[in-house]
Amino acid sequence: MSFTNGILNLTNWAGNVILPTLAGLFFAIGVLRFSRNESYAHSMYGGFLCLMASGLLRAMETFASQRPWNDPDVYWIALLTLVNWICNVLMPVYAGLQVAAGALRMGIVTRIHPTEGWMRHFAAAALCLLLSGMLRLAEFFVAQGVGGVT
């Protein structure tokens, strides 16, 4: 066993076992403090921070493990996977959230003016979907061009 393999196993153990366990402990402490009418915000932040660190470790493992360690394109493929995931997963979800926020902010009687807050939400949703669609279109053209010109 090499030193780098040991560090990798330690990181996996800490990120996949210890941090979610600590998150559960922080959430339990937060619930107990809430039931006693004490400040529970720090415990909740600690729990969410543990889950976020664990999730980021899992995301980095997923993005980097698509190729063998000695492949010269490993960083490029990891970056490509990250951009693909952000634009094809997160952007449509965020667009849906922006549509919901715009609908909630619009109300029953509104005026149509470019400076209204609800229009900004709908414009942000349209831009998110536009970015996602443009990336999908670029992926389509790259996939079609791999075979070369015939």
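Could you sort 118-127, 82-91 so that the peptide with the highest average Cβ count within 10 Å comes first and the rest follow in order?
Ranked from most to least packed, the peptides come out as 118-127, 82-91.
To the nearest 20 debye, what charge dipole does the chain have about its Cα centre, counting +1 at the Cβ of each Lys and Arg and -1 at the Cβ of each Asp and Glu?
So the dipole magnitude of the chain works out to roughly 480 debye.
To the nearest 20 debye, what is the magnitude of the charge dipole of the range 25-109 about its Cα centre, counting +1 on the Cβ of each Lys and Arg and -1 on the Cβ of each Asp and Glu?
I would put it at about 340 debye.
Over the C-alpha atoms of the range 1-65, what are the Rg and the largest Cα-to-Cα span, Dmax, in Å?
15.0, 51
State the Kirkwood hydrodynamic radius of the chain in Å, one decimal place, computed from all pairs of distinct Cα atoms.
One over the average 1/r among Cα pairs gives 19.8 Å for the chain.
Taking only DSSP H segments of four or more residues, each worth -39500 (n - 2.57), what value at 222 nm results for the chain once the sum is divided by all its residues, to the nearest 500 deg cm²/dmol?
The helix contribution divided over the chain gives -24500 deg cm²/dmol.
Only the coordinates and a few stated rules stand behind these numbers; no lab work does. Computed from a predicted model, the values in this text were never measured in an experiment. So basically every Cβ, Gly included, is an ideal-geometry build from the backbone, and we count neighbours across all protein chains shown.
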